[in-house]
Structure formats: structure tokens, C-alpha cells
Amino acid sequence: MIERRKAGKVASLLDESPAVALLGPRQVGKTTLAHEIGEQRPSLYLDLESDADRAKLSEPELYLAGHEDKLVILDEVQRLPNLFQNLRGLIDRGRRKGLRAGRFLLLGSASIELLKQSGETLAGRITYTELGPLDALEVSPNDLDRLWVRGGFPDSFLAANDRASLRWRQDFIRTYLERDIPMLGPRIAAETLRRFWTMLAHRQSGLLNAAELARALGIDGKTVASYLDLLVDLLLVRRLEPWHSNAGKRLVKSPRVYVRDSGIVHALLGIATLDDLLAHPVAGASWEGMVIETAHAAMPDGTQANFYRSGGGAEVDLVLTLPGGERWAVEVKRSLSPKVERGFHHACEDLGPQRRIVVYPGNERFPLADGIEVLPLHEFGRDLLAVGS
């Protein structure tokens, strides 16, 4: 049993909002977390992939009106997009009776539909939050290598051994390609999308080059953009946008692209063990991706995350602009004796960050020259959590 840090936040949001949408990929633990929350208060759980539960909602307002004293948990809610209009009416009637919070917890594994539908009909009535795979702060520091190799999907992380974990991730990928994505509507050949996803894994943390991807796949740039949008909307891929300023400097305009879970990166590339990973060219980029995901999981709401890269070679892996305006420049190194390149110093001259941080795979924090702090990944994450507490 893994205790997810998000449970307390979701419960707090339910105390403030009539509806909360918890978004995340399949198998990430949304249902487990929802049941945990449901045990703390009167609740009703409906799985909208179940024919029996969908039948109960053939007259949704009539059925749900009889449960207005409970938290109603609707799992895989994107399966009934027309339901959002009914939820709006129930929420508004409940408000007139004084029922202002904690009415509905909506679980969705595809933000592509959920955000579109709920955004149109539940404006002002719904709060969104995301549950990603396990991050570095949800496991012991001693388990970081296991998290890195296997990724953060609980069944993969907790598998009996590395081979079993790899099989689970390969099945996960196949299920998404052959069942989940076609169920959402896009008619994309599974093998073409697998090749695209694998190409992104090979190019982990690289700048998006749509023309190169299009040529390799024999498709046009617009189709590449649509494939990328789909994987981003499914919360499987992250686009990290470049930092923009008005300083007149020539800055890179293309985003960096990351397959969000390191274990999925490794499954797409056939990497099963830590030894295999350390010998593979993707190791540094994969570690960087795990740091990026931990930052996104830990940073306070309202933080802006970018990277910085100028035409002159100044570069920072991650620029975090916190809600109060404080800026952190974060460099990621897969070395126990990290060294900072000249480009990082040049970038910091442009950015003027309050903190200069190097995240590395060691266990101790220590200073470098020029005010740079070297932090283990778990301490970097804790520092970010402390900002939002």
C-alpha cells in the first residue's frame, strides 16, 4: 500500500468546491485514492466503464438527486460526456439548498475530453487537480533507482522483479494503443503511434523537431502535431515551453518534449534493468525527465516552469518562477561530482535567479562557487513543497 501525498489536497479541494476533477493516466492510482477519500465521508462510487453503473445514470438527475447527502465519485467520467450538463443543474439546485461543496469527485484518464466537456458546462463549479505516477517524494531515497528504472505507476514500481515490471509497462503501452486511444475517437494506426511514441523516447528531453519526426514517419507536420497533442492531452507526454523575455536575446522557440514516466521511456526502448539503463545513451535525459516530473509534482500551484536556451549557448534545464515571483534556475546532472558549464552561468546572468540549484543523484547537499547549491532530488522536491506549505 502506497500513501499518496495528493489525498489530503483532494480532500481539501472537496471542502471548498462542489466538484473536483482528478485527472491522470490509467493505472496511476486515481480509483484507490478516491476510495480512500470516500471512506472518510458518506460516498457513492460509480464506474462509468461498467454497463450496470452506466444504466443507473440513464436518468442521471433523478438517480443522483437521491444521493445529494453523499460524495458521488464518478470514475472514467469522460465515458459519459453528456453527464456534465446534468451535474451543472444538480450543483446549482444544491447551492440553493445550501449544499456548496463536496458533491462530486470526477475521475478521468483523458483530459482531452474531460477538460473540454466540463470546461464548457461547469465553469465556476469545478476545480481541477492531477495525479501523476509516484514521484521521488513518495518513495524512500533508497528506492530512487528502482523508481527511475521502473517508473512511478504503482503496479510497475511494486512488481516482484524488473522483468515483471517491464512486462506490466509493455502491456500498459499496448492497452493504450489498441484500446484506450481508439475509444477516444482518433483513428490512428496503433503501430504508427507506437513508432512516434518510441521516437519521442529516443529523443527524451530534446527540442521538438516536427519536420524530422514527420520525415521519419512518412507523414506531414500537422499530423505530427496532432499525435503530440494527443499524447500530451492523455498526460503521457510533457511539452516544456522555452523561457521568453523582452531582452532582445535570440532564444530557442521550440519546446522540449519528455515522455513523462521514466519507466515508460525505458519500456519503449526495451530497457529492463539499472545496468541496462546506465549503459544506454538515454540515461542522462531519462534522469532529467524524472527530475522535471518531481518538480511539477512538488511545485506550488501557479508556478511557471520553463527551460532557457539562447542561440549563444546559454542554457538552464529548468526555470521555475514561483507564485511570488521568486525564480529558481535548476540544472540536472547525472553525476556524483557535478560540474556546471559556462552556459549555465551565462543564462543566470540573463535570468537573475534568486536560487541556483544543481540536482544530482547523491545523498548530501553541498555548496559550489557562485552561490550554487547542489541538492539530492528528494531535498530539491522538499524545498519546493515547503514553498507551497
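The values are calculated or read from the model by the stated rules, or taken from the named source; none is laboratory data. Remember, predicted model here, so these are calculated numbers, not experimental data. Cβ placement follows ideal geometry from the backbone for every residue including glycine, while neighbour counts extend to all protein chains displayed.
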- Residue in the stretch 121-163 that is nearest to V10 (Cα to Cα), counting only those that are buried (at least 18 other Cβ atoms within 10 Å of the Cβ) and among the small types (G, A, S): G132
- Item | Sole residue being of a type in the set (G, A, S) and exposed (fewer than 15 other Cβ atoms within 10 Å of the Cβ), chosen from G362, G381, G388 | G388
- Here are some conditions: (1) under 24 Å from E241 (Cα atoms); (2) surrounded by 14 or more Cβ atoms within 10 Å (Cβ to Cβ); (3) within 28 Å of the chain's Cα centre (by Cα). P376 meets all but one. Which one does it not meet? (1)
- Query: Conditions: (1) in contact (Cβ under 8 Å) with a residue 60 or more places away in the chain; (2) in contact with an Asp or Glu (Cβ under 9 Å, 6 or more places away or on another chain). V332 meets all but one. Number of the miss?
  - Reply: (1)
- Item | Which listed residue, of R203, R187, R195, is of a type outside the set (A, V, I, L, M, F, W, C), modelled with pLDDT under 95 and either more than 16 Å from the chain's Cα centre (by Cα) or farther than 29 Å from P353 by Cα (or both) | R187
- With criteria (1) in contact with a strand residue (DSSP E or B) (Cβ under 7 Å, 6 or more places away or on another chain); (2) on the phi < 0 side of the Ramachandran plot, G221 comes up short on (1)
- Task: Only one of these is outside the structural domain of G263 (by TED's automatic domain parsing) and either part of a helix (DSSP H, G or I) or modelled with pLDDT of 95 or more (or both): L115, L166. Name it.
- Result: L115
- Task: State all residues of the stretch 48-78 that are buried (at least 16 other Cβ atoms within 10 Å of the Cβ) and either within 26 Å of S12 (Cα to Cα) or out of contact with any Leu (no Cβ under 9 Å at 6 or more places or on another chain) (or both); if no residue qualifies, say none.
- Result: L48, L64, K70, L71, V72, I73, L74, D75, E76, V77, Q78
- Counting just the residues of the stretch 225-268 that are of a type in the set (D, E, K, R) and in a helix (DSSP H, G or I), which one comes out nearest to the chain's Cα centre (by Cα)? D233
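State yes or no: is A347 surrounded by 13 or more Cβ atoms within 10 Å (Cβ to Cβ), of a type in the set (A, V, I, L, M), out of contact with any helix residue (DSSP H, G or I) (no Cβ under 8 Å at 6 or more places or on another chain) and at pLDDT below 95?
yes
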- Can you tell me which residues in the stretch 195-224 are assigned to a helix (DSSP H, G or I) and either touching a Pro at 6+ places or on another chain (Cβ under 8 Å) or in contact (Cβ under 8 Å) with a residue 40 or more places away in the chain (or both)? W197, T198, L200, A201, H202
- Query: Does L375 count as under 26 Å from P255 (Cβ atoms), of a type outside the set (S, T, Y) and touching a residue at least 60 places away in the same chain (Cβ under 8 Å)?
  - Reply: no
- Over the stretch 164-179, the set of residues out of contact with any helix residue (DSSP H, G or I) (no Cβ under 7 Å at 6 or more places or on another chain) and surrounded by fewer than 16 Cβ atoms within 10 Å (Cβ to Cβ) is A164, R167, D171, R174, T175, R179
- Message: For the structure I just gave you, tell me whether R163 is out of contact with any strand residue (DSSP E or B) (no Cβ under 6 Å at 6 or more places or on another chain) and of a type outside the set (A, V, I, L, M).
- Response: yes
